[in-house]
Amino acid sequence: MKKVLLALILVALVLVPVTAATERASKTDLAVGLNLGTNSGVGVQYRMNDFDLIGNLGFDLFNGYLSVDAAANYKVAEFNIEKAQFDVTVGGGAYLGIPIESGAKLGLAAIVPVGIVYSMNNNDFPLDFYLRIAPGISILPDVGFHVGGYLGALWRFN
């Protein structure tokens, strides 16, 4: 029961900032999809005027954690490969790892996600594909280096 309650609290921590932002910004887009990587699970993105709010909820397969991360993400550059346009993004946020194995300790890190995003400009298939690496500084259980990375796809709701 405690694990279910904890999972619901984590989902609320990801969704509350997203829903709060809808009342402040008039030009926004919501996207939901899947991540594969160190945090395999559900990914969300909420586009604001100047930045995106990104979040992931899933399992850290390498460390045995239920993990959540959230960040503000900024587009810093773009490039084209033939007719395809790619965005380069950089952000800042936090990672929280809740142990699901006995004896493990809570994990907390400050992260800097860096990614490449390709958005399909198609009304029938509004998909965003991304590759993101999130290096950072681990604060708990010990101070040190933290790294995360994932490949994902998001369905954009209009």
- Message: What number comes out for accessible area per residue over the range 27-157 if the probe is 1.4 Å? Units Å², please.
- Response: 54
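Calculate what fraction, in whole %, of the accessible area of the range 27-157 sits on carbon and sulfur atoms when a 1.4 Å probe is rolled over the protein chains.
65
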- Which value results when the Cα radius of gyration for the range 95-147 is divided by 2.2 N^0.38 Å? 1.63
- Task: Would you calculate the volume per residue, in Å³, of the smallest convex hull containing every Cα atom of the range 27-157?
- Result: 98
- Item | Residues in the range 46-81 reached by a label modelled at Val88 [backbone nitrogen below 16 Å; 7 Å Cα→Cβ] | 74-81
- Note on the structure: Per-residue accessible area, 1.4 Å probe, largest first, puts Asp60, Asp142 in the order Asp142, Asp60
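In what sequence, largest accessible area first, do Lys105, Lys83, Lys75 appear using a 1.4 Å probe?
Sorted descending by solvent-accessible area, the residues read Lys83, Lys105, Lys75.
Give me the net charge for the shell around Leu30: Cβ to Cβ below 11 angstrom, other residues only, Lys and Arg +1, Asp and Glu -1. Working shown, then result.
Values: positive: Arg47, Arg156; negative: Asp29, Asp52.
Local charge sum for Leu30: 0.
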- Run the numbers on the range 27-157 and let me know its relative contact order in percent, using alpha-carbon pairs under 8 Å that are six or more apart. 22
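The values are calculated or read from the model by the stated rules, or taken from the named source; none is laboratory data. As the structure is a computational prediction, the values presented were derived from the model and not from experiment. All Cβ positions, even for glycine, are placed from backbone atoms using ideal geometry, and neighbour counts span all protein chains on display. Only protein heavy atoms, including side chains, enter the accessible area calculation; ligands, DNA and RNA are left aside. Shrake-Rupley method; radii C 1.70, N 1.55, O 1.52, S 1.80 Å.
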